[in-house]
Amino acid sequence: MANNTIFNRIKDAGVVGAGGAGFPTHVKLNCKAEIVIANGAECEPILRVDQQLMEREAERILRGLELAMEAVGAKSGVIATKSHYHGAVAAIKAALKNFPSIRLHEMKSYYPAGDEKSLIYEVTKRVVPTGKLPADVGVVVCNVGSLLNVALAYGGVPVTCKYVTVSGEVNNPATYEVPIGTDAYTLLEWAGIRGDINDYVLLVGGPCMGRIVSNPHLPITKTTGGLILLPKGHGYVQKRSGSLSRQITLARAVCCQCSQCTQLCPRNALGLHVQPHKAMRAAAYGDGKLIGDPNSVLACCSCGLCTNYACNFGLDPASIMAELKAEFANQGLKPVAETEISPDPAIDTKKVPVSRLIARMGLKKYDVPAPISPALRVNRVVIPLRQHIGAPSEPIVQEGSMVSEGDLIAMIPEKALGANIHASISGRVVKISADSIELEA
C-alpha cells in the first residue's frame, strides 16, 4: 500500500519532530486522522527557521503535508502560520494551487501559537484532553521542517542537516544550514561573537522553552532550532539560572496568590485546568495537597508564559511546575483525561502578543532578521545517538570505517521507539562512544 511506502521511507530516513520535540515521525503518522496540520507558527520568539523554510521550500513542505495526509487517511490538510510572515504567506499561497486538499490558516502573532493543543484549537476549535493525543480528536500536527524532511525522505534523502538560527550577542545574526553533529561554537564564530565568549551563556532553542548552557561546545541535533548568545548578567539569564531552593524561598516570601499566572495560562484557557498559582502555594508551604488535582500540573506544556510574562513579581512558576511534574512522574502519576472541557469564553483576549513578551523578557534588541546564509560545511562532526524521544540508536559502523554523507550509521534498537541516524559528512569514523559517533572528513 502507498502509506506503507511512506512509513518505511520516513522511518528509513530518520525523520523526527524538527520543531524541538523529536518524536519519531513514522510513529506519529501510524494512526488515523481527519486533518493534518502543518505547524508553521514558529512559536518561539527570535527564531527564524520555519518562516524562512516556508518561503524557500513551500512546494516541498506542502508535498510533505500531502504525504502525511495520505499516511493517516486525512481528507484535508491545513498549513498554519502567522499573517506577518509575509514572504512565507505569499509563497504558500502561490504553491497551494497545486494542492486542492490543503488550505492556509493565518493567525496573529501571539504566544504560544505553536503549542500543539493551542494550534489545534486555533484551527479546528477542538480541544485535546489531558492525557490524550491529537489523533484522539482526529488531528495530527507536524512541524513544517519535519514535513520538508518527509518530502525529502520520500525521495530517498535522509535527514543529515539542520537549519539553526544564531542570534544574540553576535555581529551577524543568521540562519545556517549545517551538518548534524556540527559544534555549536562553530556557528557562533561564523556569526561573529562580540568580545569574549566567557562573558556569555548560550541559550539552546528559544527564550521560552530553551535551555541555558555554559559550555558552547555541543553538537547540533535534528531538533536544534536556535542558538542565542546572552550576557551572563542579563536579567533573563539571572532569572533562569536561579536555584529551585531560591525559587521556593521567593514563592514563600513574595507570591501573593494573585493567580495571574493561572489566568493567563494557555492550557487553562483551553479548559484544561492548569493552575500554576496552586503549585506556587504548595511549594511555599511545603504541602503537596494544596495542588489539588494533579492534572493542574500534569497538563502543563512548559511554555513558560507564567514566568516570562504573567508574574508581576518576577517569580518563576514554570520551574516549580517542572519540578512537580518530575516528582509526579517518579511517583507514577499519570494525567486523567477530562470528560467535560469548557474553553474560557475570553480565550482570545488572553493571547499574549509576541512583541510584548519579548519586551517583558528584555530581549527586544535581539529580535532582528536572521537571513538564511549559504550552507556551512565542516570537517568534523560528533553525532549524538539520542536526538529524539525514545531509545538511543545503535551504531552499525566501526571505528576506522569510511562512510559517505547519507549512509546509515546507527539504527533503531529492535522493538524500541527511536530513529535512524545517518552520516552528515563523508569521512572516517574516528570514535564511537556510548553517546555519539565522531566523523572526520
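In the chain, what % of DSSP beta bridges are antiparallel (nearest 5)?
Values: 34 of 56 bridges.
Approximately 60 percent, going by the DSSP bridge assignments.
Per residue, how large is the accessible surface of the chain? Use a 1.4 angstrom probe and give square angstrom.
About 43 Å² of surface per residue is accessible.
At 0.36 nm per residue, and after removing the present C-alpha to C-alpha distance, how many nm does the segment from Arg360 to Lys75 gain when stretched out fully? Don't skip to the end; give the middle numbers.
Working: separation 285, 0.36 × 285 = 102.60 nm, distance 4.16 nm.
Extending this stretch completely gives an extra 98.4 nm.
Tell me which residues come under 5 Å, amide H to amide H, from Met107 once H is placed; ignore anything under 5 positions away on its chain.
When sequence neighbours closer than 5 places are left aside, the close amide H contacts are Thr81, Lys82, Ser83.
Provide the net charge surrounding Tyr154, with neighbours chosen by a C-beta distance below 9 Å and charges set as Lys +1, Arg +1, Asp -1, Glu -1.
+2
Using only the alpha carbons of region 207-260, determine the length spanned along each of the three principal axes and report them from longest to shortest in whole angstroms.
Ordered largest first, region 207-260 gives principal extents of 41, 22, 17 Å.
Keeping the other protein chains in place, figure out the carbon and sulfur percent of the accessible area of region 372-430, with a 1.4 Å probe.
Details: 1420 of 2920 Å².
Within region 372-430, the accessible surface is 48 percent carbon and sulfur.
Kirkwood Rh over alpha-carbon pairs of region 203-347, then Stokes-Einstein at 20 °C and 1.002 mPa s: what D in µm² s⁻¹, rounded to an integer? All intermediate terms of the calculation are to be shown ahead of the outcome.
Values: Rh = 16.3 Å.
Roughly 132 µm²/s, to the nearest whole number.
Given the DSSP H assignment, sum -39500 (n - 2.57) over each helix run of at least 4 residues in the chain and divide by its residue total; what's the result at 222 nm in deg cm²/dmol, nearest 500?
So the calculated ellipticity at 222 nm is -8500 deg cm²/dmol.
Which sequence of Lys93, Lys415, Lys351, Lys222 reflects their accessible areas, 1.4 Å probe, from the largest down? Before the final figure, lay out each step's value.
Numbers: Lys93 120, Lys415 200, Lys351 65, Lys222 5 Å².
So the residues, ranked largest to smallest area, are Lys415, Lys93, Lys351, Lys222.
What percentage of the solvent-accessible surface of region 275-349, computed with a 1.4 Å probe over protein heavy atoms, is contributed by carbon and sulfur atoms? Before the final figure, lay out each step's value.
Details: 1930 of 3760 Å².
Carbon and sulfur together cover 51 percent of it.
Could you list which residues have their amide H under 5 Å from that of Cys161, counting only those 5 or more apart in sequence or on another chain, with H placed in the peptide plane?
Ile180
Could you compute the net charge surrounding Lys239? Neighbours are other residues with a C-beta less than 12 Å from the C-beta of Lys239; K and R count +1, D and E count -1.
+2
How high is the relative contact order of region 352-422? Use alpha-carbon pairs under 8 Å, at least six apart in sequence, and give a whole percent.
Working: 65 pairs, mean separation 16.9, N = 71.
Dividing the mean separation by the residue count of region 352-422 yields 24 percent.
Could you work out the percent of alpha carbon pairs in the chain separated by over 40 Å, rounded to a whole number?
The calculated P(r) of the chain puts 16 percent of pairs beyond 40 Å.
At a Förster distance of 30 Å, what's the computed FRET efficiency of Arg103 paired with Ala391, Cβ-Cβ distance as r, to 0.05?
In this case the efficiency is close to 0.20.
Would you pull out the residues with amide H under 5 Å of Val16's amide H, same chain only if 5 or more places away, H placed 1.01 Å from N?
Under 5 Å from the amide H of Val16 lie the amide H atoms of Thr25, each far enough along the sequence or on another chain.
Run the accessible area of region 132-274 with a 1.4 Å probe and give the carbon-and-sulfur part as a rounded percent.
In region 132-274, the share of accessible area belonging to carbon and sulfur is 51 percent.
What residue among Asp115, Asp344, Asp287 shows peak mean-square fluctuation when the chain is described by a Gaussian network model with Cα springs under 10 Å?
Residue with maximal mean-square fluctuation among Asp115, Asp344, Asp287: Asp287.
What percent of all Cα-Cα pairs in region 96-182 falls into each 5 Å bin, going from 0 up to the bin containing the maximum distance?
Reading the bins upward from 0: 3, 10, 14, 17, 17, 18, 14, 7, 2, 0.
Quick one: work out Rg over Rh on the C-alpha atoms of region 67-110, Rh as Kirkwood radius.
Reported Rg/Rh (Cα atoms, Kirkwood Rh): 1.02.
Of the peptides 151-157, 359-365, how do they stack up when ordered by the mean number of other Cβ atoms within 10 Å, highest first?
Taking the mean over residues of other Cβ atoms within 10 Å, the ranking is 151-157, 359-365.
So what J values fall out for region 298-311 if you push phi through Karplus, 6.51 cos²θ - 1.76 cosθ + 1.60 with θ = phi - 60°, rounded to Hz, Gly and Pro as x?
5, 7, 5, 9, 6, 6, x, 5, 4, 7, 7, 9, 6, 6
Would you tally the net charge around Gly304, using a Cβ to Cβ cut-off of less than 15 Å, leaving Gly304 out, and scoring K and R as +1, D and E as -1? Let's see the in-between values first.
Details: positive: Arg211, Lys239, Arg240, Arg267, Lys325, Arg356, Arg360; negative: Glu44, Asp115, Asp316, Glu323.
Summing Lys/Arg as +1 and Asp/Glu as -1 gives +3.
Let me know the volume per residue of the alpha-carbon convex hull for region 1-143, in Å³.
Taking the convex hull of the Cα positions in region 1-143, it is 103 Å³ per residue.
A 22 angstrom limit on the alpha carbon distance is what I want to check against. Which of Lys125/Lys222; Lys125/Lys351; Lys28/Lys162; Lys32/Lys75; Lys28/Lys132; Lys32/Lys132 exceed it?
In this structure, Lys125/Lys222 exceed 22 Å between Cα atoms.
The values are calculated or read from the model by the stated rules, or taken from the named source; none is laboratory data. For clarity, every value in this text was computed on a predicted model and none was experimentally measured. Ideal geometry is used to build each Cβ from the backbone, glycine not excepted, and the neighbour counts take in all protein chains shown. Note: areas computed on protein heavy atoms with side chains; ligands, DNA, RNA excluded. Shrake-Rupley method; radii C 1.70, N 1.55, O 1.52, S 1.80 Å.
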